[in-house]
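Novice: So that we are looking at the same thing, I have put the structure below in structure tokens.
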Amino acid sequence: MLTLERLTVPKEGHRIEVKDGRLVVPDDPIIPFIEGDGTGPDIWRATRRILDAAVQAAYGGKRRIVWFEVYAGEKANHEFGEWLPADTLRAFEHFYVGIKGPLTTPVGGGFRSLNVALRQLLDLYACIRPVRWFEGVPSPVRHPEKVDMVVFRENTEDIYKGIEWPAGSPEARRVIEWLRSEFGVELRPDSGIGIKPMSEFCTKRLVRKAIRYALDRKRRNITLVHKGNIMKYTEGAFREWGYQVAQEEFGDVTVTWDEVQTKHGGQVPPGKLLVQDFIADITFQHVLTRPQDIDVIATGNLNGDYLSDALAAQVGGIGMAPGANVGDFHAVFEATHGTAPKYANLDKVNPSSLTLSGVMMLEYLGWEEAAQRVIRGMEACFREKIVTYDLARLMDGAREVRTSEFATAVIDRMG
Ligand code: NAP
């Protein structure tokens, strides 16, 4: 039993556990949530209603989520005088699966980002961002229906490791001098220094997760996106290690692009997952010009950062993009946009990002039927042009609704 300093764990419900290397989900899992700052409470209220209704509709009371509120950000600071209480981290660690709204990052420091803290504590090494279009949602491209991709972005290394020193600092000067004396590398003395580590271990576990996901969901291909033509021993190694995982661990169910050409007459053998790779810059062209050829993407941190947002723009933008940070078993699902503070408490913004993150969470629990209900309800709303302001302003003939009204409309259309 988990004992926390200031919070009381719900008396009802059970903990999700890990047994024999598998997640074991009870019918009444306790799931910690952070509603978030700014518009967080609005989109959380809507999302929670939608998820609960979907679970009820799918399982008729046999299953339900026991929500457990934990705190971070402004609400935590207000209630407990701390931006990130230890209880919150312990709850996410103990219960394995959690969900969160957006949080304010106070300017001027003093608050370690919750995302970073959780990522490090729980080793959430994969940032997963599915990108699909819903019929009716305005898009800047002519064929958004061809976009259906899932980006797996490495979360723990690459330049996001944060190893950097400003120009002129003693550290930067020492590194510059060391490079000169040890390796004969000449850098301008006024250079800032950043270090980009990419390891075999972290690359392989990310690609392994992406391949497993692709196989489980019967996706057609996995694309390793890298900049290996320029950064050979980081980005280029990502490509090599990625292919190694595919061949050594999934050789019987995968086929590489080279093998398709040399052994299979240019056709992917039925039932095999195609493994291919693209250079990062050309990938941005491919996702626009032939999105139908790209399915699951595995990539490093910086490439994944750019690519996820560019893809989100193709299918309706920031209010629509869900995301999750996932480790071997731990997973935290979240809205990918910020707190949009100017709309706080106006019951106005689009809850879809958080709601679709909730759908990812239901899928992660193995509650596919409930996940499908939410998708069905949202699809119907968008088809009928029942949308929040952000989409309404881009559509002809839309019926603009509030956040809470959108939730009700989704629930009414779940079937
Ligand atoms: P933001 O909150 O994402 O908002 C930027 C703009 O995006 C909004 O003004 C709005 O555009 C649109 N938008 C965002 N969420 C929307 C939604 N649910 N529905 C419809 N439109 C939405 O970005 P920001 O203003 O740069 O950041 C505000 C705060 O959030 C900062 O403290 C930042 O640190 C934090 N933040 C947190 C996270 C996180 O917790 N994961 C992520 C990013 C930022 P219009 O004005 O055009 O309507």
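The values are calculated or read from the model by the stated rules, or taken from the named source; none is laboratory data. Bear in mind the structure is a predicted one, so any value in this text is a computation, not a measurement. Glycine also receives a Cβ, built like all others from the backbone with ideal geometry; neighbour counts cover every protein chain displayed. Note: areas computed on protein heavy atoms with side chains; ligands, DNA, RNA excluded. Shrake-Rupley method; radii C 1.70, N 1.55, O 1.52, S 1.80 Å.
Novice: Determine the sum of side-chain charges near A380: Lys and Arg each +1, Asp and Glu each -1, restricted to other residues whose C-beta is under 12 angstrom from that of A380. Please report the intermediate quantities before stating the final value.
Specialist: Working: positive: R373, R376, R383, K385, R413; negative: E135, E379, E384, D412.
Net of charged neighbours comes to +1.
Novice: Next question. Per 0.36 nm of contour for each residue apart, how much would the distance between D52 and E82 grow if the chain were fully extended, relative to their Cα-Cα spacing? Numbers along the way, then the final one.
Specialist: On the way: separation 30, 0.36 × 30 = 10.80 nm, distance 3.01 nm.
Roughly 7.8 nm would be gained on extension.
Novice: How far apart, in nm, are two points set 7 Å out from the Cα along the Cα-to-Cβ line at R15 and at D293?
Specialist: Label-label distance for R15 and D293, simple model: 4.9 nm.
Novice: Please arrange Y125, Y343 by accessible surface area, largest first, computed with a 1.4 Å probe and ligands excluded. Can you show the working numbers first?
Specialist: Working: Y125 10, Y343 45 Å².
My answer, sorted largest first, is Y343, Y125.
Novice: Dipole of the chain (Lys/Arg Cβ +1, Asp/Glu Cβ -1, origin at the Cα centre): which of A409, F250, H78 lies farthest to the positive side?
Specialist: A409
Novice: Among 130-137, 31-38, how do they line up from the highest to the lowest mean number of other beta-carbon atoms within 10 Å?
Specialist: 31-38, 130-137
Novice: To the nearest 10 square angstrom, how much accessible area does E74 have with a 1.4 angstrom probe?
Specialist: Per-residue accessible area (E74): approximately 80 Å².
Novice: Rounded to whole Å, give me the distance from the Cα center of region 91-168 to that of region 315-387.
Specialist: What the calculation gives is 14 Å, centre to centre.
Novice: Can you pull out the chymotrypsin sites (Phe, Trp or Tyr not before Pro) in region 168-240 whose DSSP state is coil and whose Cβ has at most 15 other Cβ atoms within 10 Å?
Specialist: On the way: sites: W178, F183, F201, Y213, Y233, F238; in loops: Y233.
Those that pass, being in a loop and sparsely packed, are Y233.
Novice: Given a 1.4 Å probe and heavy atoms of the protein chains only, how would you sort H337, H78, largest accessible area at the top?
Specialist: Numbers: H337 30, H78 155 Å².
Largest to smallest exposure gives the sequence H78, H337.
Novice: Sticking with this structure for a sec: Just want to confirm a number: the relative contact order over region 198-314, from Cα pairs under 8 angstrom separated by 6+ residues, in percent.
Specialist: Values: 146 pairs, mean separation 42.3, N = 117.
It comes to 36 percent, rounded to a whole number.
Novice: So, taking all protein chains as they sit and a 1.4 Å probe, how much accessible area belongs to C202, in Å² rounded to tens?
Specialist: Here the residue's solvent-accessible area equals roughly 20 Å².
Novice: Separate question: Can you put D27, D87 in order of accessible area, largest first, using a 1.4 Å probe? List each step's numbers first, then the result.
Specialist: On the way: D27 60, D87 10 Å².
If we order D27, D87 from most to least accessible, we get D27, D87.
Novice: Distance from the Cα centre of region 239-284 to that of region 54-68, in angstrom?
Specialist: First find each Cα centre; the distance between them is then 40 Å.
Novice: Can I get the semi-axes of the chain's equivalent ellipsoid? Compute them from the C-alpha gyration tensor as square roots of 5 times the eigenvalues, in angstrom, largest first. Before the final figure, lay out the partial values.
Specialist: Values: eigenvalues 239, 162, 103 Å².
Semi-axes from the Cα gyration tensor: 35, 28, 23 Å.
Novice: Which lysines have a Cα less than 20 Å from the Cα of K146, not counting those fewer than 8 places away in the same chain?
Specialist: K218
Novice: Do you know the relative contact order of the chain, to the nearest whole percent, from alpha carbon pairs under 8 angstrom that are 6+ apart?
Specialist: Values: 817 pairs, mean separation 92.7, N = 415.
About 22 percent, as a whole number.
Novice: With the cut-off at 18 Å, report for region 198-314 the share of all Cα pairs above it, as a whole percent.
Specialist: Details: 3294 of 6786 pairs.
Everything past 18 Å amounts to 49 percent.
Novice: Apply 1/(1 + (r/R0)^6) to the Cβ-Cβ distance of I279 and L346, taking R0 = 41 Å, and write down the FRET efficiency to the nearest 0.05.
Specialist: E(calc), rounded to 0.05, equals 0.40.
Novice: Short version: ³J(HN,Hα) in whole Hz for each residue of region 377-392, in order, from phi by Karplus 6.51 cos²θ - 1.76 cosθ + 1.60 (θ = phi - 60°), x for Gly and Pro, what are they?
Specialist: Once θ is set to phi - 60°, the couplings for region 377-392 become x, 5, 4, 5, 4, 5, 4, 7, 6, 8, 9, 7, 4, 4, 8, 4 Hz.
Novice: Averaged per residue, what accessible area in Å² does the chain show with a 1.4 Å probe, protein chains only? Before the final figure, lay out the partial values.
Specialist: Values: 19310 Å² over 415 residues.
Accessible area per residue, the chain: 47 Å².
Novice: Could you run the Karplus curve 6.51 cos²θ - 1.76 cosθ + 1.60 with θ = phi - 60° over region 364-375 and give me ³J(HN,Hα) per residue in whole Hz, x for Gly and Pro?
Specialist: 5, 6, x, 9, 4, 4, 5, 4, 4, 4, 4, 4
Novice: Which order do the peptides 288-301, 239-252, 12-25 take when ranked by the mean count of other beta-carbon atoms within 10 Å per residue, highest first?
Specialist: Numbers: 288-301: 20.4, 239-252: 17.0, 12-25: 12.9.
Sorting 288-301, 239-252, 12-25 by mean packing, highest first, produces 288-301, 239-252, 12-25.
Novice: Over 29 Å between Cα atoms: which of K161/K204; K161/K348; K100/K342 fall into that group?
Specialist: On the way: K161/K204 17 Å; K161/K348 36 Å; K100/K342 20 Å.
Where the Cα-Cα span goes over 29 Å, the pairs concerned are K161/K348.
Novice: Given a Förster distance of 56 angstrom, what is the FRET efficiency for E5 paired with E368, based on the Cβ-Cβ distance and rounded to 0.05? Mind showing how you got there, number by number?
Specialist: Numbers: r = 37 Å, r/R0 = 0.66.
With a Förster radius of 56 Å, E is 0.95.
Novice: Calculate one ³J(HN,Hα) per residue across region 407-415 by plugging θ = phi - 60° into the Karplus curve 6.51 cos²θ - 1.76 cosθ + 1.60, and present them in order as whole Hz with x for glycine and proline.
Specialist: After applying 6.51 cos²θ - 1.76 cosθ + 1.60, I find 4, 4, 5, 5, 4, 5, 10, 6, x Hz.
Novice: Excluding H337 itself, what net charge comes from residues whose Cβ is under 11 Å from its Cβ, given Lys and Arg +1 and Asp and Glu -1? If you can, show how the numbers build up before the last one.
Specialist: Values: positive: none; negative: D309, E334, D390.
Neighbourhood net charge equals -3.
Novice: Sticking with this one: Using a 1.4 Å probe, how large is the accessible area of T262, given in Å² and rounded to the nearest 10?
Specialist: 110
Novice: Continuing with this model, one more query. Pairs of Cα atoms under 8 Å, at least six residues apart: use those to get the relative contact order of region 289-415, whole percent. Could you put the intermediate results ahead of the total?
Specialist: Numbers: 148 pairs, mean separation 25.7, N = 127.
That works out to 20 percent.
Novice: Let me ask something additional. Assuming R0 = 25 Å, can you tell me the calculated FRET efficiency for the pair K232 and L179, based on Cβ-Cβ distance, to the nearest 0.05? Show your work: numbers first, answer last.
Specialist: Values: r = 18 Å, r/R0 = 0.71.
So the FRET efficiency works out to roughly 0.90.
Novice: For the chain, what % of the accessible area comes from carbon and sulfur atoms, probe 1.4 Å?
Specialist: Values: 9610 of 19310 Å².
C and S atoms contribute 50 percent here.
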